[in-house]
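The values are calculated or read from the model by the stated rules, or taken from the named source; none is laboratory data. Note that the structure is predicted; figures quoted are calculated from it, not measured. Here Cβ is always computed from backbone atoms with ideal geometry, including for glycine, and neighbour counts include all displayed protein chains. Accessible surface areas use protein heavy atoms only, side chains included; no ligands, DNA or RNA. Shrake-Rupley method; radii C 1.70, N 1.55, O 1.52, S 1.80 Å.
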Amino acid sequence: MPKTLTRGRYVFTRPEGRHDWTMLEDAAVLHSNGVIEAVGDFAALRDQNPTAEIVGDGTQVVLPGFVNAHHHVGLTPLQLGVPDLPLELWSNARVKFRNVDPYLDTLYSAFELIGSGVTTVQHLRGAQFGGVADVLKASDAVVQAYEDVGLRVSMGMGLRDQNRMHHQMADDDFVASLPEEIRPGARRHLDRFGVGLDNFFDLYTEMERRYAGKPLVRMQLAPLNLHWMTDRSIEMHADFQKRTGALIHLHLDETQHQKEYARRRGGGSAVEYLDRFGFLSDKLTLGHGVWLNESDLETLSAKGVHVCTNCSSNFRLRSGIAPLNAFECKQMNVAIGIDEAGINDDRDMFQEMRMVLNAHRVPGVEDGVPTVGQVLRMATVGGALTTPFGLQIGKLVPGAFADMTLVNWKAIARPYLDQDTPVLSAVLHRAKPQAVDAVIINGRVVYEDGRFTLIDRDAILARLEEQMSRPLTEFEQDLRQTSAAILPHVKAFYKGYVTTEHVPYYKYNSKK
């Protein structure tokens, strides 16, 4: 494969910390066969490699490709008719399921991710309807979509093995608690899940075998939350992780209801409960972590556990605001995830970074709030460390994979930008997807001048639009009716569920 020089007016190579990063001017990244060979002065590298192909005209900002470290689906829940409810109600409203082609669905969100500079996505899947063969078929379609569009993916697979309708009640008990006329629909819904603990790890191992050798694909475990895991599930995941070294991404303490559930289940926090099983290590990432307490942070920091913050999702589902500044004080590695969809009901990593940068600014003049350097690190190195790719991504350094994003500096700086404005501040505050000139993944230009080079976006969207315009099937109608019937009973259960007083990390205003 010929060598390529990716050229930039500014090239950010090493996102390191709150105030530390390496930025080179009039520089380039030399890469071949998907791997970076050198980074340095463009003229010097050009002289040394006169036949190298050049990407970029020297006016762009070159950034390490972003890592969206927490992602689930393509068409957003809102597009599929699910209202913005608090998470505990929203999870049940999502029973209102449409049978979307997983290949087309994955491409839909992949277009948005790549278009906003994302080069790696952590795709978190649950064992959906059907048995092992059905789940494998859907997963194969997802992986094929990422390969076809050229997006790097860490595929996470998980399941729920208890309390699938709400936190505190076993499935059979919940069905029995419903009015008699609703029970058959609820029972049908639960019976559609054919993967359980007895065959889950065989499924996972088969997925690892299928995707081994695919350069853009890695696997990791993704159990969905403590309240959906029996003690046996926790034990089996912990044991499998220790035997195989697999990474784990676990939703945890996303809402105050989840915090209360952990207290009722184990007499303490969710982190304390998991620690009893040897579950905590530097191989674990916790998604959300909004309601972690100070003792939890001490434990997680000591164990090297990572956190992925999902700012837009937390706002939309009324989950709260994660104690990001406290994570930083404890020197915890933090990643950024857009989750189901960002604040604009899309996948815009620039917008998500701005959300993270601004949502955690607390009143006062003291230091300690997020910085642009910190947020860039979270979106690159921080996310990289939560995936099996590790620091082969997230930095533009020799030996790393050639994943990078070229942003049009004129689109950021026009009509005027003061010379004292730091380049990184301008990028994080002003860049939008429209400013992305090109995205390179594994050394290939997969997106350039608004066009995907490996696949026809318009044709894919037309196929998706045609499929979704069909009438609801009998299966989909049944799910819709079941969701509507169950929701009031779930809402009634959670009324008054949280009884513990919670003291916030931050104060945003005052009633007196």
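A few notes on this one:
- Cα coordinate range in the range 1-152, projected on the principal axes (Å, largest first): 59, 37, 22
- Alpha-carbon Rg/Rh ratio, for the chain, with Rh computed the Kirkwood way: 0.97
- Taking the Cα centre of the chain as origin and assigning +1 to Lys and Arg Cβ atoms and -1 to Asp and Glu Cβ atoms, the resulting dipole is close to 540 debye.
- The range 128-175: chymotrypsin sites (Phe, Trp or Tyr not before Pro) in DSSP coil with no more than 10 other Cβ atoms inside 10 Å: none
- Accessible surface area normalised per residue over the chain is 41 Å², counting heavy atoms of protein chains with a 1.4 Å rolling probe.
- Of the accessible area of the range 184-275, computed with a 1.4 Å probe over protein heavy atoms only, carbon and sulfur atoms account for 47 percent.
- Among 203-215, 93-105, 245-257, 432-444, sorting by the average number of other beta carbon atoms lying within 10 angstrom of each residue, highest first, gives 245-257, 432-444, 93-105, 203-215.
- Between the helical axis of 349-359 and the longest alpha-carbon principal axis of the chain there is an angle of about 70 degrees.
- Lysines whose Cα lies under 25 Å from that of LYS214, excluding same-chain neighbours fewer than 8 positions away: LYS3, LYS137, LYS242, LYS283, LYS395
- Report summary: the helix-based calculation at 222 nm, which adds -39500 (n - 2.57) for every DSSP H run with n ≥ 4 and divides by the residues of the chain, gives -11000 deg cm²/dmol.
- Three-way shape label, the range 341-394, alpha-carbon gyration tensor, a/c 1.5: oblate
- Ellipsoid equivalent to the range 421-512 - semi-axes via the Cα gyration tensor, in Å: 41, 34, 11
- Rounded percent of accessible protein surface that carbon and sulfur make up, the range 342-480, 1.4 Å probe: 49 percent
- If you model the range 170-243 as an ellipsoid using its alpha carbon gyration tensor, with each semi-axis the square root of five times an eigenvalue, the axes come out at 32, 16, 9 Å, biggest first.
- Cα shape, the range 173-327, gyration tensor, a/c 1.5 rule: oblate
- Binned Cα-Cα distances of the range 365-451, short to long, each 5 Å bin given as a whole percent: 3, 12, 17, 20, 21, 15, 8, 3, 1
- For the range 1-147, carbon and sulfur atoms together expose 50% of the accessible surface, with a 1.4 angstrom probe and every protein chain in place.
- Percent antiparallel among DSSP beta bridges (both partners in the chain, rounded to 5): 50 percent
- Within the shell defined by Cβ-Cβ distances under 12 Å, the residues around CYS329 carry a net charge of -2, with Lys and Arg each +1 and Asp and Glu each -1.
- Stokes-Einstein D (µm²/s) once Rh is taken as the Kirkwood radius of the range 205-262 over alpha-carbon pairs, at 25 °C in 0.890 mPa s: 188 µm²/s
- Kirkwood radius and radius of gyration were both taken over the C-alpha atoms of the range 69-152, and their ratio Rg/Rh is 0.97.
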